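Student: Okay, handing you the structure first.
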Amino acid sequence: MIRARRSGRRRPLYGGRWDAALLSPVFVTVLITALAFSTPREFAFSRLLPAAPALAAAMWPVLPTILLGAFCLLVMIGLSFAYTDLGTPYTAAAIIAVTLAAAYASHVRLQREETLLHVRLIADTAQKVLLRPLPRRIADVEIESLYLAAQEQARIGGDFYEAVDTPFGVRLLIGDVRGKGLAAVGAASAVINSFREAAYDEPDLRGVVHRLEASISRHSDAFPALDLPERFATALLAEIPNSGGRISILNCGHPPPLLVRRGEIRVLDPTTPSPPLNLASLIGDHYCVDTLVFAPGDQLLLYTDGVTEARDRDGEFFPLPEWMRRQSPAPPRELLDRLHEALVHYSGGRLEDDIAVLALRSTSIQVQAQPV
């Protein structure tokens, strides 16, 4: 992430480090100059001098680019004393013309980089509001998160998650808005903001999901130009009461979570499917809440479909349950780090969809676990 810092000086666009790539215009200038002085006149390497300021425009500020062009012009003038028949006026004119064009190109590039920097800062701020950092522990539950953007330069998308400590216990939300772009981000924001309020007010998860349904419906009605008729969001809500020992899950068309207990993996498919958000008016608003034991040491993995739909070179989907079964016991942060590495390696770094993952672990020792 790019972080804004207050400073009296302009931030370096290249991290303040002059590496070999940034010095390549100098290397090119020195090489051409050496060849021009050490080879016969017939080779006329001096005619390549305009290439140096042209290369500098791609990575240097305006003033250094002009100074390099001036140095190339001086080199050409010096060559004219050694070789009288080099076509010095034509090459010198080319150096001047290319340097002026390179200086303008450098100016335009810097303006665009500055604009891009501000856009990224704004996007980072928006992401922190939409996906604010989660507490690493709430009550007796350890929580860690992972977010991977499908596009390297992306900052925000339609995947979302949240975890809050409420009077009713720890409540969690993870979901995925169908579609991409600003419309998906707006719908995700509407759902998350609604959850952050409803989670504290509604005593039952069904009441929370009704509030989420109303929020995304209002958002879709308010922005018809940005929305598609089939705009909807899958979501999964979970609640771990203050007394601990169990967890309630309401799955609205979302990929089923994985429960890890003493090395065994269980896929938690819902007993009765519940409709995705913004589709209740079409297929009904009957929501099913499943409750099961969440004993000390148990882990739960909540994820969006970007995880299971990651493909390898042969087009095969990432086998998440099988991958989980091969993992040794690990705390949530280490587990997500392993998953991150596995997904990037499996897909060859070509993720086709955004990925959001929450890993939970119960650490309570006050409640005796009972078999599910």
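The values are calculated or read from the model by the stated rules, or taken from the named source; none is laboratory data. Model, not experiment: these values are computed from the prediction. Glycine gets a Cβ as well: all are built from the backbone with ideal geometry, and neighbour counts include every protein chain shown.
Student: Mind counting the residues in the range 21-44 that are surrounded by 13 or more Cβ atoms within 10 Å (Cβ to Cβ) and not hydrophobic (A, V, I, L, M, F, W, C)?
Tutor: Total satisfying the criteria: 5.
Student: Would you pick out the residues in the range 45-82 that are surrounded by 24 or more Cβ atoms within 10 Å (Cβ to Cβ), among the hydroxyl-bearing types (S, T, Y) and more than 37 Å from the chain's Cα centre (by Cα)?
Tutor: S46
Student: Next question. Just to check your reading of the model, which residue among E309, E322 is assigned by TED's automatic domain parsing to the domain that holds P241 and in contact with an Asp or Glu (Cβ under 8 Å, 6 or more places away or on another chain)? Before the answer, list the steps.
Tutor: Numbers: E322 fails: in contact with an Asp or Glu (Cβ under 8 Å, 6 or more places away or on another chain).
Only one candidate passes the filter, namely E309.
Student: What's the total number of residues in the range 191-223 that are surrounded by fewer than 16 Cβ atoms within 10 Å (Cβ to Cβ), part of a helix (DSSP H, G or I) and out of contact with any Ser or Thr (no Cβ under 8 Å at 6 or more places or on another chain)?
Tutor: 7
Student: For P89, state whether it is in a helix (DSSP H, G or I) and either over 15 Å from S24 (Cα atoms) or among the β-branched types (V, I, T) (or both). Spell out the reasoning first.
Tutor: Working: in a helix (DSSP H, G or I): yes; either over 15 Å from S24 (Cα atoms) or among the β-branched types (V, I, T) (or both): yes.
Spelling it out, P89 is indeed in a helix (DSSP H, G or I) and either over 15 Å from S24 (Cα atoms) or among the β-branched types (V, I, T) (or both).
Student: Please work out which one of (1) touching a Pro at 6+ places or on another chain (Cβ under 9 Å); (2) in the same structural domain as A163 (by TED's automatic domain parsing) is the condition R137 fails and give its number.
Tutor: If we test R137 against (1) touching a Pro at 6+ places or on another chain (Cβ under 9 Å); (2) in the same structural domain as A163 (by TED's automatic domain parsing), just (1) comes out false.
Student: Report, by residue number, each residue of the range 41-74 that is in a helix (DSSP H, G or I), modelled with pLDDT under 90 and in contact with a Leu (Cβ under 8 Å, 6 or more places away or on another chain).
Tutor: Residues of the range 41-74 that are in a helix (DSSP H, G or I), as a first pass: 41-43, 45-48, 51-56, 62-74.
Add one more test, that the residue is modelled with pLDDT under 90, and what stays is 41-43, 45-47.
Of everything in the range 41-74, those that are in a helix (DSSP H, G or I), modelled with pLDDT under 90 and in contact with a Leu (Cβ under 8 Å, 6 or more places away or on another chain) turn out to be R41, F43, F45, S46.
Student: Can you say whether D85 is over 30 Å from T304 (Cβ atoms), surrounded by fewer than 17 Cβ atoms within 10 Å (Cβ to Cβ) and modelled with pLDDT under 85, as far as the supplied structure shows?
Tutor: Details: over 30 Å from T304 (Cβ atoms): yes; surrounded by fewer than 17 Cβ atoms within 10 Å (Cβ to Cβ): yes; modelled with pLDDT under 85: yes.
Here the answer is yes, as D85 does meet what is asked.
Student: Right, another one. Checking the conditions here, which among H118, H107 is in a helix (DSSP H, G or I), at pLDDT below 85 and not charged (D, E, K, R)?
Tutor: Result of the check over H118, H107: H118.
Student: Looking at T88, T33, T115, which is the one that is out of contact with any helix residue (DSSP H, G or I) (no Cβ under 8 Å at 6 or more places or on another chain) and outside the structural domain of F160 (by TED's automatic domain parsing)?
Tutor: It is T115.
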